[in-house]
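Chemist: Attaching a single structure in structure tokens format; questions to follow.
Laboratory data are not the source of any read-out in this text; all were calculated from the coordinates shown. Fair warning: this is a prediction, and the values are worked out from it, not measured in the lab. Cβ placement follows ideal geometry from the backbone for every residue including glycine, while neighbour counts extend to all protein chains displayed.
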């Protein structure tokens with residue numbers, strides 16, 4: 001509804017709901033149509049990327065499977081935050 005107020009009178013104009021629904025439907029289709037044709041290729045690309053991403057990880061897994069993990073020893077450092085390197089200096093120094 002559109003209304004205009006003037007000091008002596010007020011004017012109101014209304015439109016039928018069928019006309020408003022038709023306008024809304026037309027505007028929605030005009031908005032979506034230019035983008036809608038891009039959706040299937042984007043979905044296909046996403047499907048391919050998600051499907052092909054684990055392949056390198058599976059290859060790495062098959063290469064690492066025959067290896068056995070060597071036991072590691074953990075040592076406590078003298079100072080918190082100090083980890084000696086090959087050069088003899090700590091990481092934090």
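Chemist: What full-extension length gain, to one decimal in nm, is calculated for residue 39 and residue 60 as 0.36 nm per residue of separation minus the Cα-Cα distance?
Modeler: Gain in length upon complete extension: 4.2 nm.
Chemist: Going by average Cβ neighbours within 10 Å, how do the peptides 32-38, 4-10 rank, with the highest at the top?
Modeler: Highest-to-lowest ranking by the protection proxy: 32-38, 4-10.
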